[in-house]
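Read through the structure below, which is laid out as structure tokens, and then see the notes.
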Amino acid sequence: MDVLKTFREHGTSAVSDALDMLGCGDTGLLGLCRMSGSDAVAGPAYTLRYVPVEPGESAPAGEFVDGVPEGAVVLVANDGRTHCTVWGDLLSATAARRGVAGTVIDGACRDVGAIRRLGYPLWSRTAYMKSGKHRVRLEATQRPVTVFGVRVEPGDIVVADDAGGLVVPVGLVERTADRVRQVGEAEEAIRAHLAAGVSLREARRRTGYNTLGLVRP
């Protein structure tokens with residue numbers, strides 16, 4: 001089964017549980033909020049790192065999006081800056097046309113209304129209208145970055161939905177997907193027991209749900 005499909009179908013809660021089971025539970029992007037879109041996304045990280053401009057230096061708005069591959073998640077490391085933005089409606093329209101899966105920003109975005117009308121999946125710390133042009137500049141593309149305190153390598157899998165976002169290290173993708181399926185099967189079994197009138201405590205006991213997190217690779 002396609003691992004990205006598995007992550008999208010089960011969402012961040014199940015992926016987080018799976019990572020806990022593998023002893024890698026510290027990859028959640030704490031403080032990330034959905035700004036636009038409705039479905040879960042999962043895709044390889046296309047990383048960008050922004051830095052402040054020096055006094056007297058100028059820097060254009062980002063035009064990197066033309067090089068982002070289909071299915072990727074743009075992951076923007078702007079060091080949590082919220083006084084200026086690094087993403088707006090023009091980037092969103094271009095990304096949507098290219099089949100980019102979505103965008104996650106450690107910082108701010110703008111043009112949220114227009115982006116919502118596009119239906120483009122977007123997450124950030126907040127929204128703010130002030131442009132990042134001539135305030136920050138793109139320093140690196142497809143290099144390791146740190147966002148929300150989490151180190152991310154290009155190609156690591158970013159999963160995001162209404163609960164926020166997290167990162168699956170590329171070396172753990174297959175094992176994480178296997179554990180996600182275990183979690184999903186257990187939760188489906190619990191739902192079936194509950195529908196049959198079984199108590200939640202008993203349903204969890206029958207499925208071994210409370211011991212899933214004790215499993216180690």
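The values are calculated or read from the model by the stated rules, or taken from the named source; none is laboratory data. Bear in mind that the values here come from a model prediction, so they are computed numbers and not experimental data. Glycine gets a Cβ as well: all are built from the backbone with ideal geometry, and neighbour counts include every protein chain shown.
Observations on the model:
- GLY56 fulfils the conditions (1) buried (at least 20 other Cβ atoms within 10 Å of the Cβ); (2) outside any strand (DSSP E or B) except for a single criterion, (1).
- Filter result for VAL15 (of a type outside the set (Gly, Ala, Ser), at pLDDT 95 or above and assigned by TED's automatic domain parsing to the domain that holds ARG181): yes
- Filtering the stretch 66-78 to residues that are free of Cβ contacts under 8 Å to residues at least 60 places away in the same chain and exposed (fewer than 15 other Cβ atoms within 10 Å of the Cβ) leaves ASP66, PRO69, GLU70.
- Only one of ARG117, ARG143 that is assigned to a loop (DSSP other than H, G, I, E, B), charged (D, E, K, R), surrounded by fewer than 20 Cβ atoms within 10 Å (Cβ to Cβ) and assigned by TED's automatic domain parsing to the domain that holds THR82: ARG143
- Residue under evaluation MET35, criteria (1) modelled with pLDDT of 95 or more; (2) surrounded by fewer than 18 Cβ atoms within 10 Å (Cβ to Cβ), criterion not met: (2)
- Among the candidates THR126, THR85, residue that is under 19 Å from the mean Cα position of the chain (by Cα), surrounded by 19 or more Cβ atoms within 10 Å (Cβ to Cβ) and in contact (Cβ under 8 Å) with a residue 24 or more places away in the chain: THR85
- Whichever residue in the stretch 146-163 is surrounded by fewer than 20 Cβ atoms within 10 Å (Cβ to Cβ) and of a type in the set (Gly, Ala, Ser) and, among such residues, is nearest to the chain's Cα centre (by Cα): ALA163
- The stretch 12-53, subset part of a helix (DSSP H, G or I) and among the aliphatic types (A, V, I, L, M), residue farthest from the chain's Cα centre (by Cα): MET21
- Every listed requirement among (1) outside the structural domain of HIS83 (by TED's automatic domain parsing); (2) modelled with pLDDT of 95 or more is met by GLN182 save one, (2).
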